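Trainee: Following this message is one structure expressed as structure tokens.
The values are calculated or read from the model by the stated rules, or taken from the named source; none is laboratory data. All of these numbers come straight from a predicted model, not from anything done at the bench. Cβ atoms come from the backbone with ideal geometry, glycine included; neighbour counts cover every protein chain shown.
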Amino acid sequence: MSLVNFTAREITCKIVYYGPGRSGKTTNLQYVYGRVPESRRGRMVSLATQTDRTLFFDFLPLELGTIRGFRTRFHLYTVPGQVFYDASRKLILKGCDGVIFVADSQDARMDANVESLKNLVDNLKSAGYDLKAMPYVLQFNKRDLPTAVPVEEMTKLLRYKDEEIFEGVAVKGTGVFETLKALAKLVLVELKKTK
Ligand SMILES: Nc1nc2c(ncn2[C@@H]2O[C@H](COP(=O)(O)OP(=O)(O)O)[C@@H](O)[C@H]2O)c(=O)[nH]1
Ligand SMILES: [Mg+2]
């Protein structure tokens, strides 16, 4: 899981944004990238198709300060949501320390949300992880759209355990940092347990 380099006194944690195609995963990363000072972030790498869909993944390295003398880095990844990129998703989940599921609030995307969540659980399982035991938060994105399904309904459909749920409008940045901070906190709690 987290990479701890005692010589360099660095900890690197891997966070994966998961969810169906076009739910707003890349938009979450872009907003973070735009708001974090240059001194605290590296280059954002996006491998996209010509039509701007995530092809393999997006990657954004962040440095979030020092914990007990260790510099703490977070590597944010997104997965491609389209069904046929499952091999990429499996690869990206390897070694992950926490997952943010970005659900699309639009009514027409509920089946895609459910299917993607099931795909997450299955892919984690085949990699030897259990979502029940993993740092995990849920974001209901695109709350600005008129077709957004009520939060209570989405919660019933998509809540997997007792995870925190955040409402987001990623294009405006709403909920983006709240979601990331909550997940980062859970990852750090896990990290302390393993010592
Ligand atoms: N209305 C609205 N559109 C959004 C929101 N977040 C993302 N989008 C749009 O949804 C589309 C897909 O977003 P993207 O981040 O590429 O989705 P990904 O496939 O999950 O990476 C883009 O056109 C975004 O601008 C949101 O909160 N509200
Ligand atoms: Mg994307």
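Trainee: Please tell me if K195 is at pLDDT below 95, outside any helix (DSSP H, G or I), more than 14 Å from the chain's Cα centre (by Cα) and more than 17 Å from P20 (Cα to Cα).
Mentor: Details: at pLDDT below 95: yes; outside any helix (DSSP H, G or I): yes; more than 14 Å from the chain's Cα centre (by Cα): yes; more than 17 Å from P20 (Cα to Cα): yes.
Yes: the conditions hold for K195.
Trainee: Considering only the stretch 90-99, state which residues are crowded, with 20+ Cβ neighbours inside 10 Å and away from ligand 2 (no atom under 12 Å from the Cβ).
Mentor: Hits for the stretch 90-99 are L93, C96, D97, G98, V99.
Trainee: Another one. Of the residues that sit in the stretch 54-88 and are surrounded by fewer than 23 Cβ atoms within 10 Å (Cβ to Cβ) and among the charged types (D, E, K, R), which one is farthest from R41 (Cα to Cα)?
Mentor: Within the stretch 54-88, the match that is farthest from R41 (Cα to Cα) is D86.
Trainee: Return the pairs, sorted by first residue and then second, in which the second residue is not in a loop (DSSP other than H, G, I, E, B), the first residue lies in the stretch 141-152 and is aliphatic (A, V, I, L, M), the beta carbons are less than 6 Å apart, and the residues are 6+ apart or on different chains.
Mentor: From the stretch 141-152, the pairs are L145/Q106; V149/D107.
Trainee: Here is a follow-up. May I ask you to verify whether T78 is of a type outside the set (F, W, Y) and within 11 Å of ligand 2 (Cβ to nearest atom)?
Mentor: yes
Trainee: Also, quick follow-up: With the structure loaded, tell me whether L120 is touching a residue at least 60 places away in the same chain (Cβ under 8 Å), of a type in the set (A, V, I, L, M) and either loosely packed, with under 13 Cβ neighbours inside 10 Å or under 15 Å from P20 (Cα atoms) (or both) or whether it fails that test.
Mentor: yes
Trainee: Still on this structure: Among the residues in the stretch 90-103, are any within 14 Å of ligand 1 (Cβ to nearest atom) and more than 30 Å from N5 (Cα to Cα)?
Mentor: Yes - at least one qualifying residue is present in the stretch 90-103.
Trainee: Residues that are at pLDDT below 95: list the strands (runs of 3 or more DSSP E) wholly contained in the stretch 56-144 that include at least 3 such residues.
Mentor: Once the strands (runs of 3 or more DSSP E) in the stretch 56-144 are filtered for at least 3 residues that are at pLDDT below 95, what remains is 70-78.
Trainee: Please identify the pairs in which a residue from the stretch 22-38 that is modelled with pLDDT of 95 or more has its Cβ atom under 6 Å from the Cβ atom of a residue that is in a helix (DSSP H, G or I) and within 12 Å of ligand 1 (Cβ to nearest atom), counting only partners at least 6 apart or on another chain.
Mentor: Qualifying pairs under 6 Å: N28/V176; Y31/V176.
Trainee: Do you know which residues across the stretch 168-185 are in contact (Cβ under 8 Å) with a residue 24 or more places away in the chain, surrounded by fewer than 18 Cβ atoms within 10 Å (Cβ to Cβ) and not small (G, A, S)?
Mentor: Hits for the stretch 168-185 are V171, K172, T174, F177.
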